Amino acid sequence: MFDRIAPTYDQLNAILSLSIDKVWRRKAIEALKIGTGDTVLDVATGTGDLALLAINRGGKVVGIDLSLQMLRRARAKLDHNHPGSTYAFVQGDALAIPFRDETFNSAMVAFGIRNMEDLEAFLDELYRVLNAHGRLSILEFSMPERWPFRWIYLVYLTYVMPYIGFLISGDYEAYRYLRDSVMRFPSPKTLEGIMATRGFQIVQSIQLSGGISHLYLLEKP
């Protein structure tokens with residue numbers, strides 16, 4: 001599915017979020033406090049937007065994603081903006097990350113955690129590959145709690161977003177999946193509980209843009 005929508009992925013992100021997603025990504029990177037030479041794992045790297053921000057701060061980034069078409073676009077984007085940068089990518093499964101224990105100083109995932117088939121196994125893998133005191137920044141969609149904003153967002157998510165996605169990408173099923181995955185994903189409070197049971201310390205958990213998105217900053221003790 002992600003291979004199919006890769007050609008229009010960046011364009012639709014900008015349209016569907018009114019480019020607010022760029023602000024969210026910057027906040028996710030700022031929370032990690034990446035230093036020059038830090039090793040950073042970008043899970044579900046997609047077309048590399050988060051990786052590019054981490055490289056701008058001096059990080060040595062490895063992106064992992066199941067979608068080869070997404071990775072090809074990420075590679076082209078990074079080569080254009082940072083020729084010779086320390087960015088590598090791996091086509092692989094985030095539930096079986098092909099790196100040794102305690103490989104990375106930081107890890108991050110933007111709008112990818114809800115696509116994991118086994119959320120606890122995913123968190124366990126990230127815990128494993130992070131160094132002690134390593135930080136994990138997770139950016140994900142959520143459902144606003146307050147009415148009438150919640151009702152307005154539900155109308156947008158249910159009807160408007162899949163239709164725009166179909167018009168531009170030609171793939172209605174992919175954007176119906178996006179809608180359904182957001183609506184059935186655990187609430188931030190529930191997700192915080194799961195994160196804590198996997199050993200992470202929750203440093204920050206903050207709503208963004210009225211609850212449309214949520215930022216979680218975790219640390220491995």
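The values are calculated or read from the model by the stated rules, or taken from the named source; none is laboratory data. What you see is a predicted model; the values in this text were computed from it and never measured. Reconstructed Cβ throughout: ideal geometry from the backbone, glycine too, with neighbour counts over all protein chains shown. Just the protein is used for accessible areas: all its heavy atoms, side chains included, with ligands, DNA and RNA removed. Shrake-Rupley method; radii C 1.70, N 1.55, O 1.52, S 1.80 Å.
Annotations
- Residue 67 - accessible surface, heavy atoms, 1.4 Å probe, Å² rounded to 10: 10
- Where both bridge residues fall in the chain, DSSP classifies roughly 40% of the beta bridges as antiparallel.
- Segment 178-221: C-alpha gyration tensor shape, a/c 1.5 cut-off, then a/b vs b/c: oblate
- Net dipole in debye of the chain [+1 Lys, Arg Cβ; -1 Asp, Glu Cβ; about Cα centre; nearest 20]: 560
- Modelled FRET efficiency - R0 30 Å, residue 147 with residue 66, Cβ distances, 0.05 increments: 0.20
- Were the residues from residue 75 through residue 26 laid out at 0.36 nm apart, the gain over their Cα-Cα distance would be 15.6 nm.
- With both residues required to sit in segment 94-221, DSSP beta bridges show an antiparallel share near 70%.
- The chain - mean residue ellipticity at 222 nm from DSSP helices (-39,500 (n - 2.57) per run, n ≥ 4, rounded to 500): -13000 deg cm²/dmol
- Solvent exposure of residue 125, expressed as accessible area, is near 30 Å², computed with a probe of 1.4 Å over the protein chains only.
- Spin-label model, residue 154/residue 201: points 7 Å from Cα along the beta carbon direction are separated by 3.9 nm.
- All other residues whose Cβ lies under 10 angstrom from that of residue 108 are scored, Lys and Arg at +1 and Asp and Glu at -1, for a net of +1.
- 20 Å Cα-Cα threshold exceeded, pairs from 22/220; 33/220; 22/77: 22/220
- In the full protein context, segment 115-212 carries 53 Å² of accessible surface per residue, based on a 1.4 Å probe and ignoring ligands, DNA and RNA.
- Carbon/sulfur fraction of accessible area - the chain, other protein chains in place, 1.4 Å, %: 55
- Rounded if a/c under 1.5, otherwise prolate or oblate - segment 72-148, Cα gyration tensor axes: oblate
- Percent RCO, i.e. relative contact order, over segment 93-173, from Cα pairs under 8 Å lying at least 6 residues apart: 30
- Dipole magnitude for segment 1-124: computed about the Cα centre from +1 point charges on Lys and Arg Cβ and -1 point charges on Asp and Glu Cβ, it is near 600 debye.
- Residue range of the chain that is longest and free of trypsin sites (Lys or Arg not before Pro) which are both DSSP loop and sparsely packed (at most 14 other C-beta within 10 Å): 147-221
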